[in-house]
Amino acid sequence: MVPTRRLYQINSSRILQEIRQNRGKSRIAIAEDLDLDRSTITKVVRQLLEYGVVRTTGKFHGKPGVGRMATGLEIDPDFALVLGIEVQTEIFRTVLVNLDGEILHAETCAFEGSDLEKSVTQLIEDQIAKARGTGKPLAGIGIGLSGIVDPYEGVILKSNPLDIHEPLALKKILEKRFSCPVFIENDANCCCWSEKAFRRAPSDRNFLAILGEFRNIDIQNNRISGIAVGLGIVIRDNVLHGDSFTAGEFKSLLYREDDPGRSQFSISDDEAARLPGDTMILDRVFREVAYNISLLVNTLDITRIVIAGDFVRYPEAITAHLDSEINRNWPYPEEKTCSIVFSPDGEQSVSLGAAGLFIQKLFSVPEMTDHIDEPVGLILLDQILHRCLSSSLR
């Protein structure tokens, strides 16, 4: 039997999610669609209105020509801000956004590559000061970076680019320091969260995000110039992490073990260093990406591919190679249908996705059992209210 408190958290989170997904919906319509009694809706909505996370939108007829006018509800996007951070080998990218994902402030800062904990702490302190200047509280923080990440515990297990080879419990460290919720995630997965939070189409339950960036790929070994590619995978509307949290880690099937290089591809280190300027090498890389991706698309029945990062600057070449390789790998005479879209987030793909991760968690529903008591929905909202809005971050 589900404990009463857990049931209240679940139903409150369902109501919060319904309001976000259906802006302007009335209490009566919410009660009908969620199969909840009106007294529950009234109690929960009253509380959400008092918190300030929900507001009324005006009156309308729920059904044309029937009954009196109903008052609509919506999320107040300015209830609080969310900080999204991307960690690269040489830079941090940050965004401060409202709950609609509107960017109020974006910034790129240098990262020397030493002492990630200290550098991120200083960065967050600076961004909190900027958030205070807006007059809005900071709800929480999302961080995306290259490497193997346990997103539930917020632990960086390993990151070759960032020279992290022992687990770093960054979430626990930052939450203790700043007293607000923090989520840590792999950078390519952040691109999936951005799609789910801000641009989700109901039919896109199985999609891939391909994050491609031209950057220095290794802090330890002389900051080697090259290319970094990661995959984010969404299956049945869930971001796939894997039992070891390595889902999406990419190395080309054509990688030359007899002549190993620092890149993930069959190209040499000298060739990688000439990217993206050398168009012939660039085209080889795009074709190699498509060759590898085609098997995943067809095997997992992927219906959408989202291109993010620096790769968005090359839509024609990437689309042509993906279309060609996916259909070459397809065993049926009918053409395989898979839409290829390019993220509009530009260089903020990861940082905005990290913020989107936090926002998506805020409007998610807890599980029936609390064996994995991930802070989502009302649970996360309570943390925001008790740990942030009443703190010095206000």
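We did not get these values from a lab; they are worked out from the coordinates using the rules stated. All figures in this text were calculated on a predicted structure; none of them were measured in a lab. Cβ placement follows ideal geometry from the backbone for every residue including glycine, while neighbour counts extend to all protein chains displayed.
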Under Stokes-Einstein, with the Kirkwood radius over Cα pairs standing in for Rh, what whole-number D in µm²/s applies to the stretch 201-347 at 4 °C and 1.567 mPa s?
81
Sorted on mean Cβ neighbours within 10 Å (highest first), peptides 95-101, 231-237 come out as 95-101, 231-237
The chain, helix-only ellipticity at 222 nm - DSSP H runs n ≥ 4, -39,500 (n - 2.57), divided by all residues, nearest 500:
-11500 deg cm²/dmol
For 268-276, 250-258, 189-197, ranked highest to lowest by mean beta-carbon neighbours within 10 Å, the order is 189-197, 268-276, 250-258
Here, the chain modelled as identical Cα point scatterers in vacuum has Debye log10 I(q)/I(0) at q = 0.07, 0.10, 0.15 Å⁻¹ of -0.35, -0.70, -1.35
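Take every Cα pair under 8 Å in the chain that's 6+ residues apart, average their separations, divide by the length, and report that relative contact order as a whole percent.
Details: 780 pairs, mean separation 74.3, N = 394.
Relative contact order here is 19 percent.
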So for the pair L385, R23, with labels modelled 7 Å out along Cα→Cβ, what separation do we get in nm?
2.4
Using the Karplus equation 6.51 cos²θ - 1.76 cosθ + 1.60 (θ = phi - 60°), what ³J(HN,Hα) coupling, rounded to whole Hz, does each residue of the stretch 302-310 give in order, writing x for Gly and Pro?
6, 9, 8, 10, 10, 9, 9, x, 5
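Over the stretch 83-184, calculate the relative contact order: mean separation of alpha carbon pairs under 8 Å at least 6 apart, over the residue count, as a percent.
Working: 163 pairs, mean separation 23.9, N = 102.
Rounded, it is 23 percent for the stretch 83-184.
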